[in-house]
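*Asks:* Encoded as structure tokens, here's the structure I'll be asking about.
Derivation of every value follows stated rules applied to the coordinates shown; laboratory data play no part. Given the structure is predicted, the values throughout are model-derived calculations rather than measurements. Note: ideal-geometry Cβ built from the backbone for every residue, glycine included; neighbour counts use all protein chains shown.
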Amino acid sequence: MKKILPVELPIVSGYKHHALPLSIISTEREGVNWIFNNYLQLYTHYSYFQDPHWLEFYLLQNVVDLPHNPFLNIQKAKRELLQDNLIDLFIKCIDANIYIYLWYDSFYFKKNKDRKHGINNLLIYGYDNNTQIFEVLDYDYNGTRKLSKIKVSFKLLLDSINNLALPQDWDAQIYFLSKKSNIESIFDLKLSYQLLEDYLNSYNTSNRLRMSINPKFPNDVRFGISVHNSLLEYITLYLDGKLSLTILPFHTYMEHKKCLVCIDKFVNQGNSLHLIEDLAKIEMKSTILRNIVLKYQISNNEELLVSALKIVEEIKCMEEQIIPNLLENIYTVINR
């Protein structure tokens with residue numbers, strides 16, 4: 001017997017804590033709309049020296065931990081509390097249309113000689129009992145390194161879960177996700193306006209939520225359009241030999257521009273071609289920026305990073321001119 005639940009690769013796929021639950025949400029048209037309705041604010045989550053995931057989308061919490069997720073029913077349990085055979089449990093879940101989001105040791109998935117143990121996450125969305133295979137969504141560590149649909153044997157997955165070593169302060173639970181049966185249109189243009197206004201003004205969006213959360217950020221945290229300065233500093237510090245360079249912040253930056261294009265298309269529906277073209281140019285430049293960094297990692301040609309600095313400055317100037325127009329269009333639609 002086999003069963004595969006639907007998943008779609010989402011518009012935001014650089015970080016798996018976003019991409020994995022969003023791959024379920026993206027199977028619904030309203031889910032796709034919800035993504036670019038909410039993924040409009042950026043901030044520097046960590047110091048450059050602390051974590052390569054330093055540039056991040058600002059949401060109240062991770063998607064699987066949102067208190068009122070509009071698309072997913074979410075249950076979770078600590079691994080040690082699950083006494084059932086995990087293989088049988090996961091199969092029963094898939095049969096009941098429940099996805100499984102969990103942590104595992106990626107050492108067991110990698111085939112290269114220099115593989116290392118590491119904490120990673122994946123989504124189980126199907127199985128085949130005849131071939132003893134789970135269908136999972138994860139990065140393809142042995143190929144493209146992109147988010148991909150991968151087949152993993154029952155035994156290999158179980159080994160990767162059971163042999164995962166976690167720090168003492170980690171509370172890595174197994175999440176069980178199922179789609180809600182009645183999903184209504186929940187697009188919130190006022191939220192889009194607020195997030196974009198915060199972005200344009202580099203405003204700390206968490207200040208709007210101080211009654212419900214106690215945010216902890218690094219002292220030099222930046223929100224919104226000021227993250228361009230962080231990208232410029234990051235590249236410069238690397239050129240000065242003070243830190244290592246990763247593609248992650250540039251990919252997240254590019255995904256943010258894709259969301260800007262999507263929100264404009266949703267609001268204008270083709271009525272403001274000028275704005276659509278301007279935002280498409282920003283998206284194109286952000287893609288070029290990401291690709292330049294990829295090329296640098298292969299060639300080590302520092303002239304590429306010098307050109308990357310120029311592109312970041314160009315995009316910042318373009319956004320300062322274009323986003324006020326996008327805000328004006330959104331405001332007009334809200335007040336019709």
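*Asks:* So what's the angle, to the nearest 10 degrees on a 0 to 90 scale, between helix 248-268 and the longest Cα principal axis of the chain?
*Replies:* The helix 248-268 is inclined about 70 degrees to the chain.
*Asks:* In addition: Using mean Cβ contacts within 10 Å as the protection proxy, how do 232-243, 247-258 order, highest first?
*Replies:* My ranking of the peptides, most packed first, is 247-258, 232-243.
*Asks:* Going by average Cβ neighbours within 10 Å, how do the peptides 42-50, 63-71 rank, with the highest at the top?
*Replies:* 42-50, 63-71
*Asks:* For the chain, compute Rh as the Kirkwood radius over C-alpha pairs and then the Stokes-Einstein diffusion coefficient at 25 °C and 0.890 mPa s; write the answer in µm²/s, rounded to an integer.
*Replies:* 114
*Asks:* Moving on. Which cross-chain or sequence-distant (5 or more) residues have an amide H under 5 Å from the amide H of S148, H modelled 1.01 Å from N in plane?
*Replies:* D138, Y139, D140
*Asks:* With an 8 Å cut-off on Cα pairs and a minimum separation of 6 or more residues, tell me the relative contact order of the range 189-334 in percent.
*Replies:* 30
*Asks:* Next question. When only Cα pairs under 8 Å and 6 or more residues apart are kept, what is the percent relative contact order across the range 1-125?
*Replies:* 23
*Asks:* Okay, next question. Using packing as a proxy for protection, rank 294-307, 12-25 so that the peptide with the highest average count of other Cβ atoms within 10 Å comes first.
*Replies:* The most tightly packed comes first, giving 12-25, 294-307.
*Asks:* Okay, moving on. Under the classification rounded if a/c is under 1.5, otherwise prolate if a/b is larger than b/c and oblate if not, where does the range 189-334 fall, given a ≥ b ≥ c as square roots of the Cα gyration tensor eigenvalues?
*Replies:* Oblate, since a/c reaches 1.5 and b/c is not below a/b.
*Asks:* Taking only C-alpha pairs under 8 Å that are 6+ residues apart, what is the relative contact order of the chain in percent?
*Replies:* Result for the chain is 21 percent.
*Asks:* A further question follows. Helix 189-200 against the longest principal axis of the chain: what's the angle in degrees, Cα atoms only, rounded to the nearest 10?
*Replies:* It works out to around 60 degrees.
*Asks:* Provide the net charge surrounding R145, with neighbours chosen by a C-beta distance below 14 Å and charges set as Lys +1, Arg +1, Asp -1, Glu -1.
*Replies:* Around R145, the surrounding residues sum to +4.
*Asks:* As a check on your grasp of the helix formula, calculate [θ] at 222 nm for the chain: sum -39500 (n - 2.57) over DSSP H runs of n ≥ 4, divide by the residue count, round to the nearest 500.
*Replies:* For the chain, the value works out to -14500 deg cm²/dmol.
*Asks:* For each of C317, C262, count neighbouring Cβ atoms within 10 Å of the residue's Cβ, then give the residues from fewest to most.
*Replies:* C317, C262
*Asks:* Further question on the same structure: Report, in debye and to the nearest 20, how large the dipole of the range 189-334 comes out about its Cα centre when Lys and Arg carry +1 and Asp and Glu carry -1 on their Cβ.
*Replies:* In total the dipole reaches around 460 debye.
*Asks:* Relative to the longest principal axis of the C-alpha atoms of the chain, give the angle of the C-alpha long axis of helix 302-334, reported between 0 and 90° and rounded to the nearest 10°.
*Replies:* 80
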